[in-house]
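Enquirer: After the structure tokens below, expect a handful of questions from me.
The values are calculated or read from the model by the stated rules, or taken from the named source; none is laboratory data. Values in this document were obtained by computation on a predicted structure and should not be read as measured data. Every residue, glycine as well, gets a Cβ built from its backbone with ideal geometry; the counts of neighbours run over all protein chains shown.
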Amino acid sequence: MKNWQRKILFFSLCLIFLIFGPILVFYSLGYRFDFEKRKVTKTGGIFIKAIPKEVEVSIDGKIKKRTDSFFGSLLIDNLLPKKYKVRVTKEGYFPWEKELEVEEEKVTEVKNLILFPENLNFYQILSDIDQFWILPNGKELILKEKNEEQWVLKSYSLEKKIKSYLLSEEDFKKETEFLGLNFNENSEQIEIQLKIEEEIKNFLLNLKKIPPQIREKEEEIIPENVICFKKIEESEYFFENSGYLLKNGRRLNNEPFSLIGDCRLRIFNDWVFLETQGALYFLKDAQFEKIFENLKGIEPSPGSKKLAIFSDYEIWLFENGKNDFLNRFSEKIDKVYWFNEDYLILIFQNKIKLLETDKRDKINVYELKELPGEDLSFSFQTKKIYFKKDGKLFETDPLLR
């Protein structure tokens, strides 16, 4: 090679380095040229963690990758700052879709994504069942059976598949009609309402004792000036007819709250609610603020960090002291359960809908096939749906696979 040729090659390489060297450096630092905005900008990314593992993730229908088989996660980086349509799919499961915004030098996270199976099989597990209830711990059922025209209560371990006798009509000398039962929050005790001859009485059945022990519930003595009260561990809350709410004798609201009719106190951690005539009030900054009407129920999430507040047709999410609308339905909501901290299960007679609580973009709602039974209920522990048909009890496949 001649000297002048070597010089041309050398200066050409230097020119290429001077041009592309900074570009490569900027590229390695996460910079890209945004042709739409016509400027160099820092990139961001999207992180997905999903159940089940090895799901397919597409962005704007172009970038297609799979979450790994070990953690079920995926990071898609070097994305220009803008909104992207993200779709997560797997054969046999409902797809998940959402428009997510990517910002410069930030990773948009979807950490608790769940794909639910499109089809549910169900199997008979028990027979001769009149009624059933799932304990709050999700591990046991309470069964009401008919035995020679007399009612019998039994517990049933969902893990061990074993029945245990609790109580029956024979335990009472007089004619006794079963009216219903309620649970306390720790599943250790159930309250049973019976009609003995013509008198309605309430009993407490301690499930921790072997055999279970029953005693008549003592009537709580309420001061005449108290409209409603609530006792939680060592704390006592009283709402007086003066319009003030007291906790262990200390006023919680600065101004008296005018109340017409009866009331009910609902307390979750440090959140205090007052329910009256279908309206729900939240105690905020020492005064009651109306946050909901036509209240049907309140369901706390497993960690009690969120509340699902619902009427016959609407469901709202209470989180961080704020109540936000989630969805409205044309059918009447019968029951609401938390699947986990991020998903809800709604029961509409014999229909089931799954609802996410991620309010970014549209909320994904999935409708499962109808189940041929009644009294549909969900166990948080087993992740299964239970229902009754013609005196037989059925359970579905788990919703988490």
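Enquirer: What number of residues within segment 145-181 satisfy the criterion of being at pLDDT 85 or above and in a strand (DSSP E or B)?
Expert: Matching residues across segment 145-181 total 22.
Enquirer: Can I ask one more? Just checking, does segment 181-189 include any residue being out of contact with any helix residue (DSSP H, G or I) (no Cβ under 6 Å at 6 or more places or on another chain) and of a type in the set (Ser, Thr, Tyr)? Break it down stepwise before answering.
Expert: Let us first name the residues in segment 181-189 that are out of contact with any helix residue (DSSP H, G or I) (no Cβ under 6 Å at 6 or more places or on another chain), namely 181-189.
Okay, now just the ones that are also of a type in the set (Ser, Thr, Tyr), so 187.
Taking every residue of segment 181-189 in turn, at least one turns out to be out of contact with any helix residue (DSSP H, G or I) (no Cβ under 6 Å at 6 or more places or on another chain) and of a type in the set (Ser, Thr, Tyr).
Enquirer: Ok, one more. Quick one: is LYS49 surrounded by fewer than 14 Cβ atoms within 10 Å (Cβ to Cβ) and not assigned by TED's automatic domain parsing to the domain that holds ARG360?
Expert: Working: surrounded by fewer than 14 Cβ atoms within 10 Å (Cβ to Cβ): no; not assigned by TED's automatic domain parsing to the domain that holds ARG360: yes.
No.
Enquirer: With GLU101, GLU54 as the choices, which residue is outside the structural domain of GLU188 (by TED's automatic domain parsing) and either on the phi < 0 side of the Ramachandran plot or touching a residue at least 40 places away in the same chain (Cβ under 8 Å) (or both)? Steps first, please.
Expert: On the way: GLU54 fails: either on the phi < 0 side of the Ramachandran plot or touching a residue at least 40 places away in the same chain (Cβ under 8 Å) (or both).
None of the other options fit; the residue is GLU101.
Enquirer: OK, next. Checking the structure you have, find out if any residue of segment 364-383 is assigned to a strand (DSSP E or B), closer than 30 Å to TYR84 by Cβ and not hydroxyl-bearing (Ser, Thr, Tyr). Lay out the reasoning, then the answer.
Expert: Just the residues of segment 364-383 that are assigned to a strand (DSSP E or B), to begin with: 365-367, 374-379.
Subset that is closer than 30 Å to TYR84 by Cβ: 365-367.
Cutting the leftovers down to not hydroxyl-bearing (Ser, Thr, Tyr) gives us 365, 367.
Yes, the conditions are met somewhere in segment 364-383.
Enquirer: Across segment 163-173, what is the number of residues that are closer than 15 Å to LEU135 by Cα and among the aliphatic types (A, V, I, L, M)? Spell out how you get there, then give the answer.
Expert: Taking segment 163-173 as the starting set, the residues that turn out to be closer than 15 Å to LEU135 by Cα are 163-164, 166.
From what's left, among the aliphatic types (A, V, I, L, M): 166.
Residues in segment 163-173 being closer than 15 Å to LEU135 by Cα and among the aliphatic types (A, V, I, L, M): 1 in total.
Enquirer: Further question on the same structure: For the list (1) in contact (Cβ under 8 Å) with a residue 40 or more places away in the chain; (2) surrounded by fewer than 18 Cβ atoms within 10 Å (Cβ to Cβ); (3) more than 15 Å from the chain's Cα centre (by Cα), I need the number of the one condition that LYS290 fails.
Expert: Status for LYS290: all satisfied but (1).
Enquirer: In this structure, is LYS208 of a type in the set (Lys, Arg), within 24 Å of GLN124 (Cβ to Cβ) and not assigned by TED's automatic domain parsing to the domain that holds SER379?
Expert: no
Enquirer: Let me ask you something else. Can you pull out every residue in segment 321-342 that is farther than 24 Å from PRO136 by Cα and free of Cβ contacts under 8 Å to residues at least 40 places away in the same chain? It would help to see each step written out before you state the result.
Expert: Initially, segment 321-342 is screened for residues farther than 24 Å from PRO136 by Cα, giving 321-331.
Within segment 321-342, LYS322, ASP324, PHE325, LEU326, ASN327, ARG328, PHE329, SER330, GLU331 qualify.
Enquirer: Can you tell me which residues in segment 366-401 are over 17 Å from the mean Cα position of the chain (by Cα) and free of Cβ contacts under 8 Å to residues at least 60 places away in the same chain?
Expert: GLU370, PRO372, GLY373, GLU374, LYS389, ASP390
Enquirer: Starting from segment 231-257, take each residue that is without any contact (Cβ under 8 Å) to a residue 60 or more places away in the chain and crowded, with 17+ Cβ neighbours inside 10 Å and list its partners that are among the polar types (S, T, N, Q) and part of a strand (DSSP E or B), counting only C-beta distances under 7 angstrom and pairs at least six apart or across chains.
Expert: ASN253/GLN287
Enquirer: Is there a residue in segment 182-202 that is part of a loop (DSSP other than H, G, I, E, B), aliphatic (A, V, I, L, M) and under 26 Å from PHE132 (Cβ atoms)? Full working, then the answer.
Expert: If we filter segment 182-202 for residues that are part of a loop (DSSP other than H, G, I, E, B), which is where we start, we get 184-188, 197-198.
When the remaining residues are screened for being aliphatic (A, V, I, L, M), the result is none.
Looking through segment 182-202, none of the residues is part of a loop (DSSP other than H, G, I, E, B), aliphatic (A, V, I, L, M) and under 26 Å from PHE132 (Cβ atoms).
Enquirer: How many residues are assigned to a loop (DSSP other than H, G, I, E, B), closer than 28 Å to LYS296 by Cβ and acidic (Asp, Glu) when one looks only at segment 234-265?
Expert: The qualifying residues number 1.
Enquirer: Go through (1) more than 22 Å from the chain's Cα centre (by Cα); (2) of a type outside the set (S, T, N, Q); (3) closer than 22 Å to GLY373 by Cα one by one and return the number of the condition GLU149 breaks.
Expert: Just one mismatch for GLU149, condition (3).
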